[in-house]
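The values are calculated or read from the model by the stated rules, or taken from the named source; none is laboratory data. Everything quoted here is computed from the prediction, not taken from an experiment. So basically every Cβ, Gly included, is an ideal-geometry build from the backbone, and we count neighbours across all protein chains shown.
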Amino acid sequence: MSVELSVVVPMYDEAEVLPLLVERLRPALDGTGASYEVVAVDDGSKDATPVLLQRYRKEWPQLRVLRLRANAGHQAAISAGLAYAVGDYVATLDADLQDPPEVLAQMLEVARRDGVDVVYGVRSDRSSDSAFKRGSARAFYRLLRSLGQTSAQVDAGDYRLMSRATVQAVNALPEHHRVLRFVVPALGFPSASVGYRREVRAAGRSKYPLARMVKLSVDSITGFSTAPLRLATWCGIGGGIAAILLLVYALVAQLRNQTVAGWTSTVVAVASVGAIQLLCVGILGEYVGRMYTMMQGRPSYFVAYDSAAEDKDTDTTV
Ligand code: UDP
Ligand code: MG
(Lines give C-alpha, C1' and ligand atoms only; values in the text may rest on other atoms or scores of the structure.)
(Ligands and ions follow the chains in the order given, each with its own letter.)
Protein backbone atom coordinates (compact mmCIF):
# COMPACT_ATOMS: atom_id res chain seq x y z
CA MET A 1 0.00 0.00 0.00
CA SER A 2 1.40 3.35 -0.92
CA VAL A 3 1.56 6.11 1.64
CA GLU A 4 0.70 9.62 0.52
CA LEU A 5 2.08 11.48 3.50
CA SER A 6 4.81 10.69 6.02
CA VAL A 7 5.23 12.91 9.05
CA VAL A 8 8.65 12.71 10.68
CA VAL A 9 8.64 13.74 14.33
CA PRO A 10 12.00 13.82 16.14
CA MET A 11 11.67 13.44 19.89
CA TYR A 12 14.12 13.55 22.71
CA ASP A 13 12.68 13.06 26.20
CA GLU A 14 9.24 14.19 25.13
CA ALA A 15 7.12 11.91 27.35
CA GLU A 16 5.38 14.92 28.85
CA VAL A 17 4.19 16.31 25.55
CA LEU A 18 3.60 13.01 23.73
CA PRO A 19 -0.04 12.45 24.86
CA LEU A 20 -0.91 16.01 23.80
CA LEU A 21 0.84 15.49 20.47
CA VAL A 22 -1.04 12.27 19.69
CA GLU A 23 -4.29 13.92 20.69
CA ARG A 24 -3.82 16.68 18.13
CA LEU A 25 -1.77 15.05 15.40
CA ARG A 26 -4.04 12.07 14.89
CA PRO A 27 -7.28 13.94 14.12
CA ALA A 28 -5.32 16.46 12.06
CA LEU A 29 -3.94 13.66 9.88
CA ASP A 30 -7.14 11.63 9.76
CA GLY A 31 -8.83 14.82 8.57
CA THR A 32 -6.61 15.14 5.51
CA GLY A 33 -8.18 12.06 3.99
CA ALA A 34 -4.74 11.01 2.78
CA SER A 35 -3.07 7.72 3.63
CA TYR A 36 -0.27 8.52 6.02
CA GLU A 37 2.38 7.24 8.41
CA VAL A 38 3.87 9.04 11.38
CA VAL A 39 7.57 8.28 11.77
CA ALA A 40 8.35 9.00 15.41
CA VAL A 41 12.12 9.17 15.75
CA ASP A 42 13.05 8.51 19.33
CA ASP A 43 16.41 10.23 19.56
CA GLY A 44 17.81 8.12 22.40
CA SER A 45 15.32 9.36 24.97
CA LYS A 46 16.01 8.47 28.59
CA ASP A 47 12.51 9.08 29.88
CA ALA A 48 9.26 7.20 29.20
CA THR A 49 9.11 8.27 25.51
CA PRO A 50 9.88 4.77 24.08
CA VAL A 51 7.41 3.08 26.43
CA LEU A 52 4.66 5.53 25.54
CA LEU A 53 5.40 5.19 21.82
CA GLN A 54 5.00 1.42 22.00
CA ARG A 55 1.71 1.90 23.82
CA TYR A 56 0.36 4.34 21.25
CA ARG A 57 1.49 2.16 18.40
CA LYS A 58 -0.90 -0.58 19.49
CA GLU A 59 -3.92 1.62 18.98
CA TRP A 60 -2.63 3.80 16.15
CA PRO A 61 -1.52 1.57 13.27
CA GLN A 62 -0.12 4.48 11.27
CA LEU A 63 2.40 5.23 13.99
CA ARG A 64 5.83 3.92 13.16
CA VAL A 65 8.63 4.08 15.69
CA LEU A 66 12.32 4.45 14.92
CA ARG A 67 14.71 4.36 17.80
CA LEU A 68 18.21 5.75 17.51
CA ARG A 69 20.87 4.00 19.52
CA ALA A 70 22.08 7.20 21.12
CA ASN A 71 21.10 10.84 21.16
CA ALA A 72 22.17 12.10 17.74
CA GLY A 73 20.64 15.57 17.88
CA HIS A 74 17.62 17.23 16.29
CA GLN A 75 18.96 17.47 12.72
CA ALA A 76 20.36 13.93 12.65
CA ALA A 77 17.09 12.59 14.07
CA ILE A 78 15.17 14.28 11.27
CA SER A 79 17.66 12.86 8.75
CA ALA A 80 17.03 9.37 10.10
CA GLY A 81 13.30 9.89 9.72
CA LEU A 82 13.73 11.15 6.15
CA ALA A 83 15.79 8.10 5.26
CA TYR A 84 13.10 5.71 6.49
CA ALA A 85 9.91 7.55 5.54
CA VAL A 86 8.13 6.09 2.52
CA GLY A 87 5.46 8.71 1.73
CA ASP A 88 5.03 10.53 -1.58
CA TYR A 89 5.27 13.65 0.54
CA VAL A 90 7.25 13.85 3.75
CA ALA A 91 6.68 16.51 6.38
CA THR A 92 8.87 17.20 9.41
CA LEU A 93 7.34 18.43 12.62
CA ASP A 94 8.67 19.10 16.13
CA ALA A 95 7.08 17.06 18.88
CA ASP A 96 6.35 19.94 21.24
CA LEU A 97 3.31 21.34 19.36
CA GLN A 98 5.00 24.68 18.76
CA ASP A 99 4.16 24.06 15.13
CA PRO A 100 0.43 23.33 14.89
CA PRO A 101 -0.19 19.96 13.15
CA GLU A 102 -3.41 21.29 11.64
CA VAL A 103 -1.28 23.21 9.10
CA LEU A 104 -0.15 19.91 7.55
CA ALA A 105 -3.42 19.61 5.61
CA GLN A 106 -2.85 23.05 4.15
CA MET A 107 0.76 22.22 3.22
CA LEU A 108 -0.33 19.07 1.44
CA GLU A 109 -3.04 20.94 -0.41
CA VAL A 110 -0.67 23.69 -1.53
CA ALA A 111 1.91 21.15 -2.70
CA ARG A 112 -0.66 19.31 -4.79
CA ARG A 113 -2.50 22.34 -6.10
CA ASP A 114 0.56 24.37 -7.05
CA GLY A 115 2.65 21.37 -7.98
CA VAL A 116 5.58 22.53 -5.85
CA ASP A 117 8.15 20.22 -4.26
CA VAL A 118 8.64 22.03 -0.99
CA VAL A 119 6.18 23.86 1.23
CA TYR A 120 7.82 25.82 4.04
CA GLY A 121 6.04 26.57 7.25
CA VAL A 122 6.85 30.20 7.93
CA ARG A 123 6.38 31.63 11.39
CA SER A 124 4.28 34.69 10.70
CA ASP A 125 3.93 35.36 14.40
CA ARG A 126 6.73 34.53 16.79
CA SER A 127 5.42 36.35 19.83
CA SER A 128 5.44 33.05 21.72
CA ASP A 129 9.22 32.72 21.43
CA SER A 130 11.31 34.47 24.05
CA ALA A 131 12.74 37.90 23.24
CA PHE A 132 16.22 36.39 23.38
CA LYS A 133 15.34 33.65 20.89
CA ARG A 134 13.75 36.10 18.48
CA GLY A 135 16.54 38.66 18.79
CA SER A 136 19.31 36.11 18.35
CA ALA A 137 17.48 34.54 15.39
CA ARG A 138 17.13 37.88 13.65
CA ALA A 139 20.78 38.80 14.18
CA PHE A 140 21.85 35.38 13.01
CA TYR A 141 19.87 35.50 9.77
CA ARG A 142 21.33 38.94 9.08
CA LEU A 143 24.82 37.52 9.58
CA LEU A 144 24.07 34.59 7.26
CA ARG A 145 22.79 36.88 4.55
CA SER A 146 25.90 39.05 4.78
CA LEU A 147 27.97 35.88 4.35
CA GLY A 148 26.16 35.09 1.12
CA GLN A 149 23.48 32.67 2.31
CA THR A 150 20.59 34.08 0.34
CA SER A 151 18.46 31.03 -0.38
CA ALA A 152 17.37 30.52 3.23
CA GLN A 153 13.78 31.25 4.11
CA VAL A 154 13.62 33.79 6.92
CA ASP A 155 11.57 32.60 9.90
CA ALA A 156 11.26 29.08 8.54
CA GLY A 157 12.34 26.39 10.96
CA ASP A 158 12.07 22.69 10.48
CA TYR A 159 8.35 22.60 9.81
CA ARG A 160 8.10 21.80 6.10
CA LEU A 161 6.67 19.41 3.58
CA MET A 162 8.84 17.86 0.87
CA SER A 163 8.11 15.78 -2.19
CA ARG A 164 9.68 12.37 -2.63
CA ALA A 165 12.13 13.83 -5.15
CA THR A 166 13.28 16.42 -2.62
CA VAL A 167 13.66 13.82 0.12
CA GLN A 168 15.70 11.64 -2.21
CA ALA A 169 17.95 14.59 -3.01
CA VAL A 170 18.42 15.31 0.71
CA ASN A 171 19.10 11.65 1.51
CA ALA A 172 21.72 11.51 -1.24
CA LEU A 173 23.78 14.27 0.38
CA PRO A 174 26.75 12.80 2.20
CA GLU A 175 27.17 15.89 4.35
CA HIS A 176 27.23 15.22 8.07
CA HIS A 177 26.50 18.37 9.97
CA ARG A 178 23.80 19.43 7.58
CA VAL A 179 21.32 21.97 8.80
CA LEU A 180 18.25 21.05 6.82
CA ARG A 181 16.64 24.47 6.84
CA PHE A 182 19.57 25.73 4.76
CA VAL A 183 20.26 22.58 2.77
CA VAL A 184 16.70 22.17 1.47
CA PRO A 185 16.32 25.67 -0.04
CA ALA A 186 19.79 25.35 -1.57
CA LEU A 187 18.60 22.33 -3.57
CA GLY A 188 16.45 24.74 -5.53
CA PHE A 189 13.22 22.78 -5.88
CA PRO A 190 10.09 24.83 -6.66
CA SER A 191 8.61 25.91 -3.37
CA ALA A 192 5.78 27.73 -1.68
CA SER A 193 5.16 28.69 1.90
CA VAL A 194 2.35 28.62 4.39
CA GLY A 195 2.23 31.03 7.31
CA TYR A 196 1.39 29.87 10.80
CA ARG A 197 1.44 31.09 14.33
CA ARG A 198 4.22 29.59 16.40
CA GLU A 199 2.85 28.53 19.73
CA VAL A 200 4.48 27.99 23.08
CA ARG A 201 5.82 24.55 23.90
CA ALA A 202 2.83 22.49 25.03
CA ALA A 203 4.71 20.69 27.81
CA GLY A 204 8.22 19.76 28.88
CA ARG A 205 11.38 21.80 28.51
CA SER A 206 13.28 22.97 25.43
CA LYS A 207 16.00 20.56 24.30
CA TYR A 208 17.93 23.44 22.80
CA PRO A 209 20.12 24.92 25.50
CA LEU A 210 22.50 27.69 24.52
CA ALA A 211 25.35 25.27 23.71
CA ARG A 212 23.17 23.49 21.12
CA MET A 213 22.06 26.78 19.64
CA VAL A 214 25.72 27.73 19.23
CA LYS A 215 26.46 24.37 17.59
CA LEU A 216 23.56 24.80 15.15
CA SER A 217 24.78 28.30 14.31
CA VAL A 218 28.36 27.15 13.70
CA ASP A 219 27.12 24.22 11.56
CA SER A 220 24.90 26.61 9.61
CA ILE A 221 27.77 28.92 8.75
CA THR A 222 30.52 26.37 8.14
CA GLY A 223 28.02 24.36 6.08
CA PHE A 224 28.00 26.82 3.23
CA SER A 225 30.67 29.44 3.78
CA THR A 226 34.41 29.58 4.15
CA ALA A 227 34.22 33.30 4.99
CA PRO A 228 35.33 32.69 8.60
CA LEU A 229 38.60 31.29 7.25
CA ARG A 230 39.08 34.55 5.43
CA LEU A 231 38.30 36.37 8.65
CA ALA A 232 41.19 34.43 10.17
CA THR A 233 43.43 35.65 7.36
CA TRP A 234 42.32 39.23 7.91
CA CYS A 235 42.98 38.91 11.64
CA GLY A 236 46.45 37.67 10.75
CA ILE A 237 47.08 40.59 8.40
CA GLY A 238 45.76 43.12 10.92
CA GLY A 239 47.82 41.55 13.70
CA GLY A 240 50.92 41.54 11.47
CA ILE A 241 50.60 45.24 10.63
CA ALA A 242 50.07 46.10 14.29
CA ALA A 243 53.15 44.07 15.20
CA ILE A 244 55.32 45.91 12.65
CA LEU A 245 54.11 49.30 13.92
CA LEU A 246 54.84 48.22 17.46
CA LEU A 247 58.31 47.06 16.42
CA VAL A 248 59.09 50.44 14.82
CA TYR A 249 57.79 52.25 17.87
CA ALA A 250 59.88 50.09 20.20
CA LEU A 251 63.06 50.65 18.15
CA VAL A 252 62.53 54.42 17.99
CA ALA A 253 61.89 54.55 21.71
CA GLN A 254 65.03 52.49 22.31
CA LEU A 255 67.17 54.83 20.13
CA ARG A 256 65.83 57.86 21.98
CA ASN A 257 66.55 56.20 25.26
CA GLN A 258 62.91 56.45 26.18
CA THR A 259 62.48 52.88 27.26
CA VAL A 260 60.07 52.78 30.14
CA ALA A 261 58.77 49.97 32.27
CA GLY A 262 56.20 49.28 29.55
CA TRP A 263 54.39 46.57 31.39
CA THR A 264 50.90 47.55 30.19
CA SER A 265 51.76 47.71 26.51
CA THR A 266 53.54 44.36 26.68
CA VAL A 267 50.64 42.65 28.37
CA VAL A 268 48.10 44.18 26.01
CA ALA A 269 50.11 43.19 22.96
CA VAL A 270 50.70 39.62 24.14
CA ALA A 271 47.09 39.15 25.20
CA SER A 272 45.54 40.53 22.03
CA VAL A 273 47.85 38.60 19.71
CA GLY A 274 47.16 35.47 21.75
CA ALA A 275 43.42 36.01 21.49
CA ILE A 276 43.54 36.51 17.73
CA GLN A 277 45.63 33.38 17.33
CA LEU A 278 43.24 31.33 19.42
CA LEU A 279 40.30 32.62 17.41
CA CYS A 280 41.99 31.69 14.14
CA VAL A 281 43.00 28.25 15.37
CA GLY A 282 39.43 27.74 16.56
CA ILE A 283 38.01 28.67 13.15
CA LEU A 284 40.46 26.32 11.43
CA GLY A 285 39.48 23.65 13.91
CA GLU A 286 35.82 23.90 12.97
CA TYR A 287 36.59 23.11 9.34
CA VAL A 288 39.17 20.45 10.16
CA GLY A 289 36.57 18.89 12.45
CA ARG A 290 34.05 18.77 9.61
CA MET A 291 36.58 17.11 7.33
CA TYR A 292 37.50 14.65 10.06
CA THR A 293 33.96 13.45 10.63
CA MET A 294 33.31 13.33 6.88
CA MET A 295 36.42 11.24 6.31
CA GLN A 296 35.52 8.79 9.03
CA GLY A 297 32.45 8.14 6.93
CA ARG A 298 30.39 6.96 9.87
CA PRO A 299 26.66 7.54 9.74
CA SER A 300 25.46 10.49 11.79
CA TYR A 301 22.93 8.24 13.52
CA PHE A 302 22.40 4.55 14.21
CA VAL A 303 18.90 3.18 13.94
CA ALA A 304 18.51 0.52 16.62
CA TYR A 305 14.90 -0.36 16.00
CA ASP A 306 12.22 0.12 13.37
CA SER A 307 8.69 -0.89 14.24
CA ALA A 308 7.86 -1.32 10.54
CA ALA A 309 10.48 -4.05 10.27
CA GLU A 310 8.97 -5.72 13.31
CA ASP A 311 5.53 -5.53 11.72
CA LYS A 312 6.93 -7.35 8.71
CA ASP A 313 8.28 -9.93 11.13
CA THR A 314 11.84 -9.54 10.00
CA ASP A 315 14.90 -9.64 12.17
CA THR A 316 15.65 -6.48 14.16
CA THR A 317 17.92 -5.55 16.96
CA VAL A 318 16.34 -3.73 19.84
N1 UDP B 1 15.12 17.00 19.59
C2 UDP B 1 15.69 15.81 19.22
N3 UDP B 1 16.98 15.55 19.62
C4 UDP B 1 17.71 16.43 20.36
C5 UDP B 1 17.11 17.68 20.69
C6 UDP B 1 15.82 17.93 20.29
O7 UDP B 1 15.09 14.97 18.56
O8 UDP B 1 18.85 16.12 20.68
C9 UDP B 1 13.73 17.28 19.18
C10 UDP B 1 12.79 17.68 20.29
O11 UDP B 1 12.27 16.55 20.95
C12 UDP B 1 11.74 18.48 19.56
C13 UDP B 1 12.55 19.14 18.43
O14 UDP B 1 13.75 18.39 18.30
O15 UDP B 1 10.76 17.67 18.98
C16 UDP B 1 12.87 20.59 18.70
O17 UDP B 1 13.45 20.73 19.97
P18 UDP B 1 12.97 21.83 21.02
O19 UDP B 1 11.50 22.03 20.92
O20 UDP B 1 13.47 21.44 22.38
O21 UDP B 1 13.74 23.10 20.50
P22 UDP B 1 13.24 24.62 20.54
O23 UDP B 1 11.86 24.64 19.96
O24 UDP B 1 13.25 24.99 21.97
O25 UDP B 1 14.24 25.34 19.70
MG1 MG C 1 10.33 23.57 20.40
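Looking at the stretch 1-19, which of its residues are surrounded by 15 or more Cβ atoms within 10 Å (Cβ to Cβ) and away from ligand 2 (no atom under 13 Å from the Cβ)?
Answer for the stretch 1-19, where residues must be surrounded by 15 or more Cβ atoms within 10 Å (Cβ to Cβ) and away from ligand 2 (no atom under 13 Å from the Cβ): V3, E4, L5, S6, V7, V8, A15, L18.
In the list Y141, Y56, which residue meets the criterion of being touching a strand residue (DSSP E or B) at 6+ places or on another chain (Cβ under 6 Å) and either part of a helix (DSSP H, G or I) or surrounded by fewer than 16 Cβ atoms within 10 Å (Cβ to Cβ) (or both)?
Y56
How do the helices (runs of 4 or more DSSP H) wholly within the stretch 177-268 filter down when requiring 2 or more residues that are loosely packed, with under 15 Cβ neighbours inside 10 Å, more than 16 Å from ligand 1 (Cβ to nearest atom) and touching a residue at least 12 places away in the same chain (Cβ under 8 Å): which remain?
Of the helices (runs of 4 or more DSSP H) lying wholly inside the stretch 177-268, those with at least 2 residues that are loosely packed, with under 15 Cβ neighbours inside 10 Å, more than 16 Å from ligand 1 (Cβ to nearest atom) and touching a residue at least 12 places away in the same chain (Cβ under 8 Å) span 227-255.
Among the numbered criteria (1) of a type in the set (A, V, I, L, M, F, W, C); (2) in contact with a Phe, Trp or Tyr (Cβ under 6 Å, 6 or more places away or on another chain); (3) at pLDDT below 95; (4) not in a loop (DSSP other than H, G, I, E, B), which single criterion is violated by A152?
Failed condition: (4).
Which condition from (1) without any contact (Cβ under 8 Å) to a residue 60 or more places away in the chain; (2) away from ligand 2 (no atom under 16 Å from the Cβ); (3) within 30 Å of V22 (Cα to Cα) is the one that L104 breaks?
Here L104 clears every test but (1).
Checking the condition within 16 Å of the chain's Cα centre (by Cα), in a helix (DSSP H, G or I) and buried (at least 17 other Cβ atoms within 10 Å of the Cβ), which residue from A91, A80 passes?
Of the residues listed, the single one that is within 16 Å of the chain's Cα centre (by Cα), in a helix (DSSP H, G or I) and buried (at least 17 other Cβ atoms within 10 Å of the Cβ) is A80.
Mind listing whichever residues of the stretch 13-32 are assigned to a loop (DSSP other than H, G, I, E, B) and within 18 Å of V90 (Cβ to Cβ)?
Hit for the stretch 13-32 is T32, nothing else.
Of all residues being of a type in the set (D, E, K, R) and over 20 Å from S191 (Cβ atoms) in the stretch 131-159, which is farthest from ligand 2 (Cβ to nearest atom)? Just the residue, please.
Among those residues, the one meeting the criterion is R142.
Just to check your reading of the model, which residue among Y287, Y305, Y292 is at pLDDT 80 or above and not in a helix (DSSP H, G or I)?
Just one listed residue meets the conditions, Y305.
Which ones in the stretch 89-103 are within 10 Å of Y196 (Cβ to Cβ) and more than 13 Å from ligand 1 (Cβ to nearest atom)?
P100, E102, V103 - these are the residues of the stretch 89-103 that are within 10 Å of Y196 (Cβ to Cβ) and more than 13 Å from ligand 1 (Cβ to nearest atom).
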